[in-house]
Amino acid sequence: SRTSLDVSSQCSKKRKLSAILSPDSEHDQGVEHQPLPKRRKMQRVSSGNKASSAASRRNSKKKQVKKMVIKKFRVQPKLSQTFEKDTVDKLMGAIRDIHAKRGGECSFEELYRSCQSLCTLNKGKLIYDKLYDLCDKHIEAMIGSLHGDEALHEDDNNNLLPRLQDIWMNHRSEMHAIRQVFLMLDRTYVRQETECKSLWKMGIVLLKKHILQTDKNSFIEVKLIFHILRLIELERNGEEIDKVLVKNIIIMIAHLNIYKSKFEKELVANTNEYYLNEGNTLIQQLTIPDYLNQVMKRLDDEHKRCIQYLDHKTQRHLSIAIEQQMIHNHVDKILEKGFNAMCDQLLINDLRHLYALFKSVNALAPLKEYFYEYSKQRGLHIVNAGIDTQTQSKQDKEMVVKLLKFKQSLDSIISQSFQRHGDFRKIIRKSWEYFINQRENKPAELMAKFVDFQLQTGARGTSEQELEETLDRVMDIFRFVNGKDVFQAFYKKDLAKRLLLNTSASEDAEKNMINRIRKECGQTVASNLENMFKDVDISQDLNEKFRLHLEKQEHVGNHIDFKIQVLTSGCWPTYNTDVIDLPPVIADHLQLFSSFYVRINSGRKLSWTSSLSHCVMAANFPKGRKELVLSAFQACVLLLFNQTNKMKFKAIHSLTKISKSELRKTMLSLVKANILLKKTKGMECSDDEEFKLNAKYENRLRRVKVNQIQIIETKQEVVKTSQKIYQDRQYQIDACVVRVMKARKQLLHQQLMAECLKQLKFDAQPRQIKKRIEVLIENEYLERDAKNNTLYHYKA
Amino acid sequence: MSLSDDEEAAANANSKQSKYVKLISSDGFEFTLEKEIACASGFINSLIHSASKWEETQQPLTTLHLKNIKSDILEIIVKYFYFKHKYDKSEQDPPDFGATHIPPSKVVQLLMAAHYLDC
């Protein structure tokens, strides 16, 4: 393939000349070099014959065709006697020059050549040993000055490190120069002798031997580490240090092979201690977000430090040290001091740091605990805010809104700071299930009210999407509520009102809501609600048909714009169907419709609910003509004032036949609307109360809605609904107990309780169940065992 | 190991050297070529980049006496330097240097010179 071709061509391009010349000998770094025979200049004294025959053998391998014959020298070239000694002296002299930094007098090439000559004469060992001695003495002299200097033993003497750095740099450059000159030695003799070290390594060994001086008390080593650690500590405290110096010293330490064994250990111990102290002091002084920031900064610092002058392998140890000392030791304190505040203020970034740090020290368990407690506490606070009846209604109105906001903030904390960890979501579920059911029934009722409000036309100002989102979120927290039937009851009531009074904002929104309810509460509930919609549609149809019917009949009489809603009694909430005395016109129409309806749907019975009916009435006041939107009750009452200006409560009651409680409400609402005046102030309304028509009535609107009272839910209505729910639950308990007993025939009291609690969908009190069991025993559904008091038998 | 970058830079900056190097063979022939190209040889490379002071590098024009290499061999070597410099960077396959430039009679001497110069 192409790539492999490229690689090989690259290799071939970089071929050395010597490789080109001898294709069958490898010219790699790691291969032994055979000492080449020299013919012209020098000759190996010992093996002259061998040389030429080896050469001829090699040459014959090269070019296939040509054969070369190399003849021996007739006269052996002789070496001068002193050649060896002279050359060696020259070399040693050069080394001394290097050590003394004298230079410029020797020819590099000449020295190099000399070294090569000696190597081929097998004098490699000789040179090597002499080199070793010279270097040994030189290094000893260099270091000796350090050992001798008493002042360097002092702790606060800063000169040790710079001097060591100087020594090290010198050593490097000297050894480098020596190696360049004695390159041949390195490549030939050293390679051959396996025990022999390369020149560079030899230098290191000597340096180590003298600096560390393992036989004497090596103060250099101890002091060296001490000084470095001190410098690092200075830098941690914020001061500037000479980073180059430290870096070079550390490089030296690494080459001397004491980095890992000695230095790193001390460094880690020192780091641990430093951060232990810092952790202990700062945890008291700083706020938790600041403290966490400080920890992150320290981690970052150490990371930079490792890049700049320490070995990168140390990085991990240092990070662990910081995390251990600053986080692990203070886990509880951190959580106790700052967790709740951080969550309240939604400090997402700081929480993210917290999570990351705690995760690396494996402290997620306490974090979870604290989160659970936080969620529970705050949630309870919100739910119970309205328990004090003074501010109850105000607080309760805001409960749902606050709950939604709370859930949103918790969710954002989990998704952004805690990386959507599944355990935390479980914690939310547990804590919400706990606190939302602490205040029985109220949250569910308030949620229903909230949804009702959202779905009414009054809740303009939110876009459709926002509405859907809000309702989704409400359903989210609705899931945690145990008593879902409360919600259903209130929702049904509110839905009925919305449908009948036509205050629903959008049909789509209603339908979507029903879908949500279907998901949470089941199909039966949802279909009940859907039937209400169906009824409304059917009623529209009926109204059309009735109108046509009337036209056909050519009915003589007052023609009024007339709409009927037919409600299937099972699906809708139960309403009061007391008959009141309606104006004749209306009563006629009702009669007509009844007969019309019965004709179409025989076998059904209609009962009229006046409490939800409303009408528009034209009223001629002295100050102007008005159109009043009134409830049926209000309309009946006002029509009475067509005859007279003043009326007593008693009289109104007997004429309209409206129940006293309803009548009271109605009268008060009319008074509030300023249409009627009454003598006494306030909410009082006795039987003898006298009402007068307000002649001075005026309103800037032409069409006035007076029937607000129908729309707004009163306390009594809530109480009524709650009672109904309670009643329903009792029936459910009864049904459950009987069902269980029928299946099991006999059960112990405890077992029966357990079964029922499991099966009932709402939180039932054991007391309640016990009471129902008593009732059932009275009604002879169950009986107690004669011998065992706690055993029940099913009575068929 | 090699010297740190600072040291090398210092070494080069200090010497006010031209960028040529002169190679003198045993029989007196002088070859002047750019330092960069001559550094194909490891020997010459370490000399030029050495931090120590050597006789050769003290002069303004670095002069290297190669007392054991003859001129005809040195000529081939210098040709090799240029050959290598040219084909190191390009993408094409280099032609066979050995076939075109190395006469068989000079092979052995060339081999030894190459070993000496580390190239």
Requested in this report: Inspect all residues belonging to segment A:462-477 and state whether any of them is surrounded by fewer than 18 Cβ atoms within 10 Å (Cβ to Cβ) and among the small types (Gly, Ala, Ser).
Outcome: yes
Query raised in the report: Hey, any hits in segment B:28-44 for a residue that's open to solvent by 40 Å² or more (accessible area, probe 1.4 Å) and within 12 Å of chain A (Cβ to nearest Cβ)?
Result: no
Report summary line: Restricting segment A:416-428 to residues that are among the polar types (S, T, N, Q) and open to solvent by 50 Å² or more (accessible area, probe 1.4 Å), the one nearest to A:LEU364 (Cα to Cα) turns out to be A:GLN419
Query raised in the report: Taking A:LEU550 and the conditions (1) buried (at least 17 other Cβ atoms within 10 Å of the Cβ); (2) modelled with pLDDT of 85 or more, which numbered condition does it fall short on, given that it satisfies the others?
Result: (2)
Query raised in the report: Out of (1) among the basic types (Lys, Arg); (2) touching a residue at least 40 places away in the same chain (Cβ under 8 Å); (3) within 29 Å of A:PHE263 (Cβ to Cβ), what's the single condition that is false for A:LYS304?
Result: (2)
Query raised in the report: Name the pairs whose Cβ atoms lie under 6 Å apart, with the first residue in segment A:429-444 and open to solvent by less than 10 Å² (accessible area, probe 1.4 Å), the second part of a helix (DSSP H, G or I) and among the aromatic types (Phe, Trp, Tyr), and 6 or more positions between them or separate chains?
Result: A:SER431/A:TYR372; A:ALA444/A:PHE487
**Report entry** Residues of segment A:471-492 satisfying the condition of being within 19 Å of A:LYS511 (Cβ to Cβ) and acidic (Asp, Glu)
**Finding:** A:ASP472
Query raised in the report: Could we say that A:ASP290 is surrounded by fewer than 17 Cβ atoms within 10 Å (Cβ to Cβ), assigned to a helix (DSSP H, G or I) and free of Cβ contacts under 8 Å to residues at least 24 places away in the same chain here?
Result: yes
Requested in this report: Would you list the strands (runs of 3 or more DSSP E) that sit entirely within segment A:707-796 and hold 1 or more residues that are touching a helix residue (DSSP H, G or I) at 6+ places or on another chain (Cβ under 6 Å) and surrounded by 15 or more Cβ atoms within 10 Å (Cβ to Cβ)?
Outcome: A:782-784, A:791-794
Query raised in the report: If you take the residues of segment B:71-108 that are of a type in the set (Lys, Arg) and surrounded by 17 or more Cβ atoms within 10 Å (Cβ to Cβ), which of them is nearest to the other protein chains (Cβ to nearest Cβ)?
Result: B:LYS84
Query raised in the report: Looking at (1) facing another protein chain (nearest Cβ under 9 Å); (2) over 25 Å from A:ILE70 (Cα atoms); (3) in contact with a strand residue (DSSP E or B) (Cβ under 7 Å, 6 or more places away or on another chain), which is the only condition B:LEU66 fails?
Result: (2)
Report task. Name every residue in segment B:109-119 that is open to solvent by 20 Å² or more (accessible area, probe 1.4 Å), of a type outside the set (Asp, Glu) and either more than 7 Å from every other protein chain (Cβ to nearest Cβ) or not in a helix (DSSP H, G or I) (or both), in order of residue number. Result -> B:GLN109
Query - Qualifying position, being of a type in the set (Lys, Arg), open to solvent by 50 Å² or more (accessible area, probe 1.4 Å) and assigned to a helix (DSSP H, G or I), among A:LYS376, A:LYS402, A:LYS407 - result: A:LYS402
Query raised in the report: Are there any pairs, at least 6 apart or on different chains, whose C-beta atoms fall under 6 Å, with the first in segment A:566-587 and polar (S, T, N, Q) and the second open to solvent by 60 Å² or more (accessible area, probe 1.4 Å), and if so, which?
Result: A:THR577/A:SER607
Report summary line: In the set A:ALA619, A:ALA632, the lone residue that is among the small types (Gly, Ala, Ser), closer than 12 Å to A:LEU693 by Cβ and open to solvent by 10 Å² or more (accessible area, probe 1.4 Å) is A:ALA619
Query raised in the report: Pick from segment A:74-96 the residues that are surrounded by 13 or more Cβ atoms within 10 Å (Cβ to Cβ) and modelled with pLDDT under 75: which of them is farthest from the other protein chains (Cβ to nearest Cβ)?
Result: A:GLU84
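The values are calculated or read from the model by the stated rules, or taken from the named source; none is laboratory data. Quantities reported herein were computed from a predicted structural model and do not represent experimental measurements. Cβ: placed from backbone, ideal geometry, glycine included. Neighbour counts: every protein chain shown. Protein only, heavy atoms only, side chains kept; ligands, DNA and RNA dropped before computing areas. Shrake-Rupley method; radii C 1.70, N 1.55, O 1.52, S 1.80 Å.
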